[in-house]
Every structure is written in structure tokens, then in C-alpha cells.
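The structure appears below as C-alpha cells.
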Amino acid sequence: MPMGPDVLDMQGNLPPEAQEKIEELQDLQETAQQVAAQKQEAESELTESETALEELDDVDEDTQMYQQLGGLLVETEYDEAKEDLEEKVDSLQVRVDTLEKQEERVQQQFEELQSELQQMLGGAGGALGGAGGA
């Protein structure tokens, strides 16, 4: 009689519960990559907008200014341009913060799932064996 459940079944496959955890881990890994890419993009936009805002401080308020809207440049006022940039910086900062929190949550879920899978495949052999004897 074996000392605990075999990790693989008769056909050499993982048990369905373990396969499910592996698929969840793969999904989480994809999510983590997507979140990281979005965060990197938002951080880049934030840096660019903060730099533009700093440059605006060195511009005379009477200078003729233009703002890009899609593929067009339209004339704008200094105050309007500054306000738009400040709003964009604030909005991007909130987005970066949100993505950082999401990234942390995904990482935590990944680590928990990984731990559960390791217990399922190795460390929990004795506990599973006891439950199987009933």
C-alpha cells in the first residue's frame, strides 16, 4: 500500500484540482503582465505630463500656445493649457496608484495559489492520505 496519494494518476496526469490551480496561475501571470504594461505606460505618460507642466512654468503667460487635439493643433490660452495639464497629471497619478495596488493584489493571489499548489503536489501528502482512508 502506498504511503500517500501519488501526485500523478495512473495515466501520468496531474489531478484535476492541481491542473485547475496551474491554469489559474497562468491566468494570473497574464493578468500581471497586462497590469505591468498598463502601469509602465501610465508612468511614462505621467512623467511626460509632469515635464510639460514644469516647462510651462518657464513660459511667459502671453506666449501664443497651441494644444494637440488628436491630429490637430488648436490655439489655447496659457491658463487653460496649465489647467488641462494639471488635471492630466492628477488623473494619471490616480491611475498609476490604482495599477500599483492591482499589481500587489495579483502578486499576492499568485503567491497564495503557488503555495496551495505546492501543498497539493508535495507537502500535503499525509493530510490527503488520511482523508482518503475514510
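No value in this document is a laboratory result; all are computed from the given coordinates. Because the structure is a prediction, the values reported are computed rather than measured. When we count neighbours, we look across all protein chains shown, and the Cβ atoms used for this are built from the backbone with ideal geometry, even at glycine.
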Where a residue in the range 89-101 is polar (S, T, N, Q) and its partner, wherever it lies, is part of a helix (DSSP H, G or I), with Cβ under 7 Å and at least six apart: Q93/L46
Any chance A81 is surrounded by 13 or more Cβ atoms within 10 Å (Cβ to Cβ) and either farther than 30 Å from Q114 by Cα or touching a Phe, Trp or Tyr at 6+ places or on another chain (Cβ under 6 Å) (or both): yes
Given (1) under 27 Å from L25 (Cβ atoms); (2) touching an Asp or Glu at 6+ places or on another chain (Cβ under 8 Å), number of the condition L92 does not satisfy: (1)
Some residue of the range 18-38 being surrounded by 16 or more Cβ atoms within 10 Å (Cβ to Cβ) and either touching a Pro at 6+ places or on another chain (Cβ under 9 Å) or on the phi > 0 side of the Ramachandran plot (or both): no
